[in-house]
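In what follows, a single structure is set out as structure tokens and then discussed.
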């Protein structure tokens, strides 16, 4: 039974703690209300900035900015809320004058940042391409709060214009940067193209004829040369045949008309005869001595012929004969020994031959002083024919050689063809790549330029002020009514709490049951509190007395104030002012 | 001179009679009681006393009302509470065949005197009893509490128990009837510093014995003394009484104090408590 709280317990509690409840309640209420009244009114002004889409659809011209609106707003926020900008505004509109002495500059700026509010307004938009609705920021509100409504309005507008400026600047910067970058890229690529072109032309030049496009013509040329060569070869062959035939013919013809010595035809070819005679002489010299009549005879014949023909060139024959003799000597020496007469003969012959050969060797160049000119017309004819054919042969051979070398050249070209082709293709490929890139960049530059145009003619996406900041008539803060209500609630809570604590600490006996529990004896009676009329009257009198006393005190203090502090009229005026303010605030709150 | 002398002599005579009959005032009439009734104690003789020796100080009823002696006024509804107390007290006293009560409390100013006086007056309203109300609170007068004569009866009674205990006066001289039938007061008199000792003195014992024996059955004696936890007076007095009543003030006496008081009243004829100054409407 003790644990349940019945209504009579509550009534008793209230009765007991009346004073405590009321005093605490009114104390807190007073406090709260004073706060509600004393707090200065703060006005807030707001402006809405709309993020307007670009006027020309972005299918045609790309927007300068591809970020999300929120990011943009945030970045601009950082810019605008920078220290120097805010300092400017603070100085211009003389804000926070009262806080200048108390707070540092940084703290004032921090406070200002806190007084600026930015809120995104979002709406679901349908993405044209994917036709799905996305929630994007379409506008944002910018508000500023402060004590003076006029300056609040001005500051808000100023901030709004700062935002717009910052955004415009950003966008034009972006555009300019883009175009510049693209331009640079383009010129770089152009240079590359030029380099590549030079490379290609150099290559072409250096590999002229080996390029794949020349393969056809090369083959043609080769076949042509082949044909030519074959023709010339045929001609050559025929001329060679003729030459052989003529040579054969000329062999049968004596270049000189026959020489008559001693009335008889000595030799068809006196040169031959002479040669024979020389050799004869040498062999005779080896056997006989000089004084032998055979040797004298031969010598005589030789001198006669020589006077007619000239000294025949027998150098070669002699060298031949010398070789032969040497061989013979060696063989014979080996067989018969050095003292055999054959061997002695051969040794002598060899000695003479070598002497002759040596003599002839030195006089070889001068040996052909007088060549016997052939005077047989047939012979001469044949000789000239032979000469012409030989000339022809020579020229043909030369031509063929030239053709061969040409062919070789062209064959080489064809050989190199694939390798050259490969390299050439590489070069071409690189070139193509660069060219494609160039085209791309060129396109991009076009786009950027048109975006730039868009921006410059102010048709791009931009921030516009949808509604300018108005002059706030009513303060937004503090919520006096709210504070008052809160104060009431807090006062109530505090008073109940405080009283409950006091009640809890109060261990006095309150009910008969309590007493009965402590004592073993019954509670015989509960006697009510008796107040006589006299006591009531005297209590009332006491209250009156106290109120009167307080009034006296107030009156006295007013007199003192009047005398020593300020005239009551001034005080009244001041009070009136205060009262007006209070009334305003209360009135406004209500 | 003769008139004066006559008066003086008459006075002596009266005193003389009074010396024999200590307290007895002449009963005006007394109905005969049958022995059977006397045994049952249910039927008591009506007592109608004419105070011959006891001083009579007629107190105005408005003064009495101001003094919170509500038992006299039937228009105040709170007297039922007093009546309840009276009935239970009398029952108890009957049970133990006693007639002396002690009224005390744990702390001062809890309403002992108020209760004592009202109880006494209430008992006196019963047509078959008389009450002797003794103010045994001989402590120094405080701001709030002088003695019951001053506080409750609105008059000044300077002579009282203290005088008797000091041997300065005799009881018959000190008794006062405040104009209420069947109620006699013995005021406290001057406050004494050694009240506890005096209350335990042989003179006090003598007084108590005399009171007791003389009026058993008819007269109820109520001692109103100082608070238990303040001083030893109440403990001293508790030796002589038949029943002790403890007054508890609502919302002022703490449980600890009550317990202390209980300790002190162990093995004493403590028979009940009274919750006084209750502000709750329902108990």
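Kindly check whether there is at least one residue in region B:205-217 that is assigned to a loop (DSSP other than H, G, I, E, B), touching a residue at least 24 places away in the same chain (Cβ under 8 Å) and surrounded by fewer than 16 Cβ atoms within 10 Å (Cβ to Cβ). Please lay out each step first, then the result.
Start the filter on region B:205-217 by keeping residues that are assigned to a loop (DSSP other than H, G, I, E, B), which leaves B:215-217.
Filter once more, so that each one left must be touching a residue at least 24 places away in the same chain (Cβ under 8 Å): B:215-217.
Subset that is surrounded by fewer than 16 Cβ atoms within 10 Å (Cβ to Cβ): B:216-217.
Yes, region B:205-217 contains at least one residue that is assigned to a loop (DSSP other than H, G, I, E, B), touching a residue at least 24 places away in the same chain (Cβ under 8 Å) and surrounded by fewer than 16 Cβ atoms within 10 Å (Cβ to Cβ).
Hey, could you check region B:236-269 for residues that are more than 27 Å from residue A:506 (Cα to Cα), touching a strand residue (DSSP E or B) at 6+ places or on another chain (Cβ under 7 Å) and not in a loop (DSSP other than H, G, I, E, B) and say which is farthest from the other protein chains (Cβ to nearest Cβ)?
B:237
Just to check your reading of the model, which residue among A:499, A:525 is touching a helix residue (DSSP H, G or I) at 6+ places or on another chain (Cβ under 8 Å) and not in a helix (DSSP H, G or I)?
Criteria check complete, one pass: A:525.
Of all residues in region A:337-350, count the ones that are over 11 Å from residue A:326 (Cβ atoms) and in a helix (DSSP H, G or I). Steps first, please.
Filtering region A:337-350 down to residues over 11 Å from residue A:326 (Cβ atoms) leaves A:337-345, A:348.
Filter once more, so that each one left must be in a helix (DSSP H, G or I): A:341-345, A:348.
Summing the residues that are over 11 Å from residue A:326 (Cβ atoms) and in a helix (DSSP H, G or I) in region A:337-350 gives 6.
When region A:422-455 is examined, which residues are found to be over 30 Å from residue A:212 (Cβ atoms) and surrounded by fewer than 13 Cβ atoms within 10 Å (Cβ to Cβ)?
A:443, A:446
Answer with yes or no whether residue A:515 is assigned to a helix (DSSP H, G or I), within 14 Å of chain B (Cβ to nearest Cβ) and surrounded by 17 or more Cβ atoms within 10 Å (Cβ to Cβ).
Working: assigned to a helix (DSSP H, G or I): yes; within 14 Å of chain B (Cβ to nearest Cβ): yes; surrounded by 17 or more Cβ atoms within 10 Å (Cβ to Cβ): yes.
Considered against the rule, which asks whether it is assigned to a helix (DSSP H, G or I), within 14 Å of chain B (Cβ to nearest Cβ) and surrounded by 17 or more Cβ atoms within 10 Å (Cβ to Cβ), residue A:515 comes out as yes.
Pairs under 9 Å by beta carbon, first residue in contact (Cβ under 8 Å) with a residue 12 or more places away in the chain and within 7 Å of another protein chain (Cβ to nearest Cβ) in region A:518-538, partner crowded, with 19+ Cβ neighbours inside 10 Å and part of a strand (DSSP E or B), six or more apart or different chains?
These pairs meet every condition: A:526/B:274; A:526/B:275; A:526/B:276; A:526/B:278.
Would you say residue A:483 is touching a helix residue (DSSP H, G or I) at 6+ places or on another chain (Cβ under 6 Å), away from chain B (no Cβ under 14 Å) and either under 30 Å from residue B:259 (Cα atoms) or surrounded by 13 or more Cβ atoms within 10 Å (Cβ to Cβ) (or both)? Write out each step before concluding.
Working: touching a helix residue (DSSP H, G or I) at 6+ places or on another chain (Cβ under 6 Å): yes; away from chain B (no Cβ under 14 Å): yes; either under 30 Å from residue B:259 (Cα atoms) or surrounded by 13 or more Cβ atoms within 10 Å (Cβ to Cβ) (or both): yes.
Yes: the conditions hold for residue A:483.
The rows are residues; the columns are (1) exposed (fewer than 13 other Cβ atoms within 10 Å of the Cβ); (2) closer than 18 Å to residue A:166 by Cβ.
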| site | (1), (2) |
| --- | --- |
| A:71 | yes, yes |
| A:80 | no, yes |
| A:85 | no, yes |
| A:108 | no, no |
| A:120 | no, yes |
| A:126 | yes, no |
| A:129 | yes, no |
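Given (1) over 14 Å from the mean Cα position of the chain (by Cα); (2) modelled with pLDDT under 70, identify the lone condition not met by residue B:159.
It is condition (2) that residue B:159 fails.
When you check residue B:232 against the structure, is it surrounded by fewer than 18 Cβ atoms within 10 Å (Cβ to Cβ) and away from chain A (no Cβ under 14 Å), yes or no?
Values: surrounded by fewer than 18 Cβ atoms within 10 Å (Cβ to Cβ): yes; away from chain A (no Cβ under 14 Å): yes.
Considered against the rule, which asks whether it is surrounded by fewer than 18 Cβ atoms within 10 Å (Cβ to Cβ) and away from chain A (no Cβ under 14 Å), residue B:232 comes out as yes.
Regarding residue B:102, is this residue at pLDDT 85 or above, under 15 Å from the mean Cα position of the chain (by Cα) and more than 25 Å from residue B:201 (Cβ to Cβ)?
Taking the combined requirement at face value, the residue does not satisfy it.
Restricting attention to region A:454-462, does a residue exist that is under 28 Å from the mean Cα position of the chain (by Cα) and more than 30 Å from residue A:156 (Cα to Cα)?
In the first step, residues of region A:454-462 are kept if they are under 28 Å from the mean Cα position of the chain (by Cα); the result is A:454-455.
Within this subset, residues satisfying the condition of being more than 30 Å from residue A:156 (Cα to Cα) are none.
The answer is no; no qualifying residue exists.
Give the residues of region A:35-79 that are more than 27 Å from the chain's Cα centre (by Cα), at pLDDT 80 or above and more than 27 Å from residue A:151 (Cβ to Cβ), sorted by residue number.
A:51
The values are calculated or read from the model by the stated rules, or taken from the named source; none is laboratory data. In this text the structure is predicted, and so the values were computed from the model without any measurement. Here the Cβ is made from the backbone with ideal geometry for all residues, glycine too, and neighbour counts use every protein chain on show.
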